[in-house]
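Working notes, beginning with the structure itself.
Readers should treat all values here as calculations from the given coordinates under stated rules, not as data from a laboratory. Note that the structure is predicted; figures quoted are calculated from it, not measured. Here the Cβ positions follow ideal geometry from the backbone for every residue, glycine too, while neighbour counts run over all protein chains shown.
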Amino acid sequence: MQNLKFLVMMLAMIALVATSCKKDKSQTELITDGAWKTTAITVNPPFNFYGTQVTDWFSQLEDCSRDDLWIFKDNGKVDYDEGGTKCSNDDPQTIVSDWAFNSDETIVSITDADGYVESYNITELSEDDMTWTSTFVDDNLTYTMTARFEH
């Protein structure tokens, strides 16, 4: 019985030491740690989508767009990958752009090959989840779009 107590205490101590020594990942390490798949996109206020007011933008996407992936790399490149299904056979499988954080790593900016820049406010970034927001204006009304991603 003494050996069992000793073994349980040793395992508990090893687990405590192993978890307490875990180094927090930087924002760059988190965002570049694998492919991100979109799981939700919402818009507020509701947006007129072909005559219907919608807040769940993701549900309006075709299935071929729901499996697309964002793959951020530590060399400042990001691949936008069509995933397993492409909406058009003529579409490239992958579009490569540049990405960068602002100085406090709360905004990620993506610059496409034509120099067009889109910036997103990072509201959550963890090992498994990422959420960002952006705004756009349509008919003098400002909308906030929130996108959620998972590994």
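Brief remarks on what is shown
- A single member of E124, E105 is assigned to a strand (DSSP E or B) and either in contact with a Leu (Cβ under 7 Å, 6 or more places away or on another chain) or of a type in the set (D, E, K, R) (or both), and it is E124.
- Tally, over segment 49-98, of residues that are assigned to a strand (DSSP E or B) and in contact (Cβ under 8 Å) with a residue 60 or more places away in the chain: 1
- Test: T39 is hydroxyl-bearing (S, T, Y) and surrounded by 11 or more Cβ atoms within 10 Å (Cβ to Cβ): yes
- For segment 108-129, the set of residues classified as touching a residue at least 24 places away in the same chain (Cβ under 8 Å) and either within 18 Å of L61 (Cβ to Cβ) or β-branched (V, I, T) (or both) consists of V108, I110, Y120, I122, listed by residue number.
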